[in-house]
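The values are calculated or read from the model by the stated rules, or taken from the named source; none is laboratory data. A quick note: this is a predicted structure, and the numbers were derived from the prediction, not measured. Heads up, the Cβs are rebuilt from the backbone with ideal geometry, glycines too, and the neighbour counts pull from every protein chain shown. Accessible surface areas use protein heavy atoms only, side chains included; no ligands, DNA or RNA. Shrake-Rupley method; radii C 1.70, N 1.55, O 1.52, S 1.80 Å.
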Amino acid sequence: MALYLKAAEILEKVEQKRGAVKTLVYDSKFPNIKQLFALVCETQKYSSVLQEIINSTKLLKETKLRIHLAKVLVYDLLIGHGVKCGGAWKTTMLKHRARLQAALARIKIKRKVSRNQDLLPSSIQQTQNDVIPRYVRVNTLKTSLEDVIDYLKREGFSYQGTPGRLEDLDRLSGKMFLCDLHLKDLLVFSGKTDFHDHFLYKAGHIILQGKASCLPAFLLNPPVGSHVIDACAAPGNKTSHLAAIMKNKGKLFAFDLDAKRLSTMSTLLLRAGVTCHKLANQDFLKVDPQNSEYKEVKYILLDPSCSGSGMVCLRDELPETQEDGRLQALAAFQLHCLYHALQFPQLERIVYSTCSIHSQENEEVVTACLQRNPGFRLVHLLPDWPERGHEPLTQCLRASTAKTRTHGFFVAMLERRPAQSDKETPPCQHTIVIC
């Protein structure tokens, strides 16, 4: 029974973008981590099919189960290895088994397939063989890249240096690891390498953070001692990255509306040794840009809620009309956040990022914002990056499993245009200014 309760809790958080599956599973301290992880991942893959079965059988109405608990139970009953608990839940599921099996059979007939895996959304089927490397960011607030490499070598890991090309990452196996091609404090391991129980992770010396997620702070590159806002901060990896770049000097204001996420973030930042931050359980859209507390804020990182469509493990397919409506609502919210961020009077640079693959949340949001804010311009990011924003916004970056060996991602940087009478200040070291 505990397995299904915990799996339902984690599944709900994952679908609400409140954390990554593996991190939530390991932080749960559940006795059988592998069993829990497998159940959550597999249920998530079949989420849309399970939803259809549950809706067609009116299971929630007849059993009073919550949707995420119903999904994990139905998954194990129909697709997994059978319901593993006893008591009332098992009795309930067995009572409805024939109806649930019939609903699954009807879906297979309707879609003209015979295997359960053929019911998976095409986006998931296409990425079944996608293996993203394990990226590990060295937390320079507590250690150095050289010390981490030496420590790992003493543990039997084999350091391979810096790759000559992206394809070299595909050959990583066992205990081999590399330095990243673009980010100096990022190490790359085989996708099967697990550090959740490793001393360096538990001590906060390394951060388990995807490469794409490291790009926003790396590109914003706030100077040591500056005042910075992380507008939608939880779960906190980008915040800790900003603090490391700032060397814990200056002020780092971090906002998030979710109190539970903020509490988890506080623990993460403590473990990472971050001290320059000020957390606020507050909606960024309600923060007053004219407040004297933010009069020196020159840099903002904005990574607002998005569809999460770039996350390989979260890809799903919704009916087209439902998906369009959801994307329109998200894009409107993202644009509102971007407009609000540009109101801070001393703002010089802002990085806008999403883990979405949809233009509606990416290039279209940036284009609409620039049309209404001619005082800002795009900055050309990482000229040698292999995947660019869609035309005409090629100054922006995109990321994908195929082209960058990461989750899907989008990053844009906007910079305030200098006043006519001012001398132009040099751009961020990672960029080229596009007027």
Examine the stretch 66-80 for a residue that is assigned to a loop (DSSP other than H, G, I, E, B), out of contact with any Asp or Glu (no Cβ under 9 Å at 6 or more places or on another chain) and not assigned by the TED database to the domain that holds Asp303, and state whether such a residue exists. no
Answer with yes or no whether His198 is open to solvent by less than 40 Å² (accessible area, probe 1.4 Å) and out of contact with any Ser or Thr (no Cβ under 8 Å at 6 or more places or on another chain). yes
Residues of the stretch 256-278 being under 24 Å from Gln16 (Cα atoms) and at pLDDT 95 or above, which ones? Leu269
Modelled with pLDDT under 90, open to solvent by 30 Å² or more (accessible area, probe 1.4 Å), in contact with a helix residue (DSSP H, G or I) (Cβ under 9 Å, 6 or more places away or on another chain) and outside the structural domain of Leu268 (by the TED database): is that true of Gln35 in this structure? yes
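Each row is one residue, and each column tells you yes or no for (1) more than 21 Å from the chain's Cα centre (by Cα); (2) open to solvent by less than 10 Å² (accessible area, probe 1.4 Å).
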site: Lys238; (1), (2): no, no
site: Lys247; (1), (2): yes, no
site: Asp256; (1), (2): no, no
site: Cys276; (1), (2): yes, no
site: Gln290; (1), (2): yes, no
site: Leu302; (1), (2): no, yes
site: Gly310; (1), (2): no, yes
Can you tell which of Leu24, Leu60 is at negative phi, open to solvent by 40 Å² or more (accessible area, probe 1.4 Å) and not polar (S, T, N, Q)? Leu60
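Residue-wise test of (1) closer than 23 Å to His96 by Cβ; (2) of a type in the set (A, V, I, L, M).
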| position | (1), (2) |
| --- | --- |
| Tyr4 | yes, no |
| Glu12 | yes, no |
| Arg18 | no, no |
| Cys41 | no, no |
| Gln44 | yes, no |
| Ile54 | yes, yes |
| Ala70 | yes, yes |
Considering the stretch 171-193, residues that are loosely packed, with under 14 Cβ neighbours inside 10 Å and either more than 22 Å from Ala217 (Cα to Cα) or in the same structural domain as Asp384 (by the TED database) (or both), and then whichever is nearest to the chain's Cα centre (by Cα), we arrive at Lys192
